[in-house]
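Visitor: Right, I'll just put the structure down here and ask away after.
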Amino acid sequence: MANKSNVSLSVIRRLPRYYRFLGELIKSGCLRISSKELSQRMGLGASQIRQDLNCFGGFGQQGYGYNVESLHSEIKDILGLNKKLDTIFIGCGNLGKAILTSMDFDTLGYNIIGIFEKDKNIIGQSFLGLKVLSDEVLDDFCKKNRPAVAIICIPKKAAEDMSDELIGYGIKGFLNFSHYDLALNNDNIVVENIHISDSLLTLHYRVNEAIKES
């Protein structure tokens, strides 16, 4: 088995897809599946799937394939979903509210312990059973509760200014929905920058290419 610290980011980014597809197979009653069958469902090469899983031990049996429930459980352990990460959510504008009310954070390994906003009209509202707090108490809250992750849905300028502040509070990971690429010069801080507009532009290009060829 490879040292997990040496596993490439591209392999790690495919693990959630394996986890999601295997979860859907479990719901459909599928007990086992070959790498070839899984590749056809996922649009990946069978050899790619085997190489990815071999980074963590393989898990399959020649002539049998993969036990779907067992592999799903193994990937869950690899992703660390059994250990929830205490998380704060910052920004309850339209996008923030949509994310808060549509994502199942608990099953994805995140324990939302605090929600923060600067708009006085939103402070005091409730989401996920938590009252929205003023961002003015963020410092004290983090010192007391020591969250590991911050999900931020705030304007670009605010995200730029707040990142160092949050790192000072002990934040180790960011899920960033602001229109700003957090690029932190710290190997111990993990950042996932989410740009919905990038996906829309990619779709725009691909649809135009498909129209040309039709």
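Visitor: Extension gain Q125-K156, at 0.36 nm per residue separation less the Cα-Cα distance, in nm?
Guide: Details: separation 31, 0.36 × 31 = 11.16 nm, distance 2.38 nm.
Separation in residues times 0.36 nm, less the Cα-Cα distance, equals 8.8 nm.
Visitor: On the accessible surface of the range 27-116, probed at 1.4 Å, how many percent belong to carbon and sulfur atoms?
Guide: Carbon-and-sulfur percentage of accessible area, whole number: 45.
Visitor: Which percentage, to the nearest 5, of the DSSP beta bridges contained in the range 61-189 is antiparallel?
Guide: Details: 3 of 19 bridges.
Close to 15 percent.
Visitor: With +1 on each Lys and Arg Cβ and -1 on each Asp and Glu Cβ, and nothing else charged, work out how big the dipole of the range 121-208 is about its Cα centre, in Debye to the nearest 20. Walk me through the numbers before you get to the answer.
Guide: On the way: 8 positive and 12 negative charges, 68 e Å.
So the magnitude is around 320 debye.
Visitor: Something else about it: Relative contact order for the range 1-114: what is it in percent, counting Cα pairs under 8 Å that are at least 6 residues apart? Intermediate results must be reported in sequence, preceding the final value.
Guide: Numbers: 99 pairs, mean separation 30.6, N = 114.
Across the range 1-114, relative contact order equals 27 percent.
Visitor: In addition: Between D164 and S214, take the C-beta separation as r, use R0 = 45 Å, and let me know the FRET efficiency to the nearest 0.05. Walk me through the intermediate numbers first.
Guide: Values: r = 50 Å, r/R0 = 1.10.
Result of the calculation: an efficiency of 0.35.
Visitor: I would also like to ask the following. Please give the length that would be gained between N82 and D198 if that part of the chain were fully extended, namely 0.36 nm times their separation in residues minus their C-alpha to C-alpha distance (nm, one decimal). Each step should come with its number before you reach the end.
Guide: Working: separation 116, 0.36 × 116 = 41.76 nm, distance 3.16 nm.
Taking N82 through D198 to full extension adds about 38.6 nm, to one decimal.
Visitor: Still on this structure, I have one more. Using a Gaussian network for the chain with springs between C-alpha atoms less than 10 Å apart, which of these wobbles most: L203, L71, L44?
Guide: So, out of L203, L71, L44, the one fluctuating most is L203.
Visitor: I've got another one for you. To the nearest 20 debye, what is the magnitude of the charge dipole of the chain about its Cα centre, counting +1 on the Cβ of each Lys and Arg and -1 on the Cβ of each Asp and Glu? Please report the intermediate quantities before stating the final value.
Guide: On the way: 25 positive and 25 negative charges, 138 e Å.
Taking the Cα centre of the chain as origin, the dipole is about 660 debye.
Visitor: Checking the table K118/K156; K83/K144; K76/K118; K97/K120; K84/K120 against a 24 Å threshold on Cα-Cα, which pairs fail?
Guide: Numbers: K118/K156 15 Å; K83/K144 20 Å; K76/K118 36 Å; K97/K120 15 Å; K84/K120 30 Å.
Violating the 24 Å limit, Cα to Cα: K76/K118; K84/K120.
Visitor: Let me ask you something else. In Å and on Cα atoms, what radius of gyration and Dmax does the range 9-128 show?
Guide: Considering the range 9-128 through its Cα atoms, Rg and Dmax are 18.4, 62 Å.
Visitor: Express the carbon and sulfur contribution to the solvent-accessible surface of the range 139-211 as a percent, rounded to the nearest whole number, probe 1.4 angstrom. Before the final figure, lay out each step's value.
Guide: Values: 2510 of 4780 Å².
Here carbon and sulfur together make up 53 percent of the probe-accessible area.
Visitor: Along the Cα-to-Cβ line of S8, 7 Å from the Cα, sits a label point; which residues in the range 41-59 have backbone N less than 17 Å from it?
Guide: 44-57
Visitor: Follow-up. Could you do me a favour and compute the accessible area per residue for the chain, 1.4 Å probe, result in Å²? Each step should come with its number before you reach the end.
Guide: Numbers: 13330 Å² over 214 residues.
About 62 Å² of surface per residue is accessible.
Visitor: Something else about it: Sticking with the crude label model, points 7 Å out along Cα→Cβ, report the distance from R206 to D181 in nm, one decimal please.
Guide: So the two model labels end up 2.1 nm from each other.
Visitor: A further question follows. Using alpha-carbon pairs under 8 Å, 6+ residues apart, how would you state the relative contact order of the chain in percent? Walk me through the numbers before you get to the answer.
Guide: Numbers: 270 pairs, mean separation 28.8, N = 214.
RCO, the chain: 13 percent.
The values are calculated or read from the model by the stated rules, or taken from the named source; none is laboratory data. Remember, predicted model here, so these are calculated numbers, not experimental data. Backbone-built Cβ (ideal geometry, glycine too); neighbour counts: all protein chains shown. Side chains included, ligands, DNA and RNA excluded: accessible areas come from the protein's heavy atoms. Shrake-Rupley method; radii C 1.70, N 1.55, O 1.52, S 1.80 Å.
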